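Colleague: Supplied in structure tokens, the structure appears directly below.
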Amino acid sequence: MSMPYFLPAEGPAKEYRRIADDHLQHDLQPSDRDALKSAARRMALCVQVGTVAGTGLALLAAYRVRGARKAFYQAFRARERPTHVILKDGETHPIPDITSLLKPTAIGDIATYMFAAFGGFFLGGSLGSLGSSMSETRTFTADPERMERFEKAFRGFRADMLRKEADAIEQGQRLS
């Protein structure tokens, strides 16, 4: 099973994927590869849980905001408002009635729920990713030998990738 899923399957990234797989197979022990796979699964789970929780909490907040907006409109509509202003020189100016502009609408409700859901989705996923990465960092740094093997494998991958890019530049190929 290939680890670098972030790379596309076509083009120059296919070669980078092959280089990454070679370094994962040759520079790391089986327990290291299992730890990486386990960390990837845990991170995916934390991001999913964070996304669902963030979306749910954001929708709950949107529901509360909608209720508060309706209550504000009801209070504003029931209250007696001035209809005109009398200036110092005695001139009278009418004040427009803005009650109809403050009325909650279906489009406003849809926008509230939509933006809250998107915000909760991304915020929850980001917080899940942050928490998971902090947890996994502590897990990996607890074993200095394993951490050294990870760093060695990454340095080797990076060096091979840069050599490949330098060769492509010297041959006049376009990098994408």
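What follows draws every value from the coordinates through simple rules; no lab data is involved. This structure is a prediction, so every number in the text was calculated from the model and none was measured. Cβ sites come from the backbone with ideal geometry, for glycine too, and all protein chains shown count toward neighbours.
Colleague: Using the alpha carbon gyration tensor of the chain, what are the three equivalent-ellipsoid semi-axes (square root of 5 times each eigenvalue), largest first, in whole Å?
Modeller: Value: 59, 23, 14 Å, ordered largest first.
Colleague: Do any trypsin sites (Lys or Arg not before Pro) in the stretch 81-176 lie in a DSSP loop with no more than 13 other beta carbon atoms within 10 Å, and if so, which?
Modeller: 88, 174
Colleague: Please return the longest range in the chain lying between exposed loop sites, taking GluC sites (Glu not before Pro), DSSP loop only, at most 12 other beta-carbon atoms within 10 Å, and leaving the sites out.
Modeller: 92-176
Colleague: Quick check on the stretch 116-160: take the gyration tensor over C-alpha atoms, sort the square-rooted eigenvalues as a ≥ b ≥ c, and tell me if it's rounded (a/c under 1.5), prolate or oblate.
Modeller: In terms of gyration-tensor shape, oblate.
Colleague: Continuing with the same structure: Quote to one decimal, in nm, the extra length available between residue 113 and residue 37 on full extension: 0.36 nm per residue of separation minus the C-alpha distance between them.
Modeller: Full extension from residue 113 to residue 37 adds 23.7 nm.
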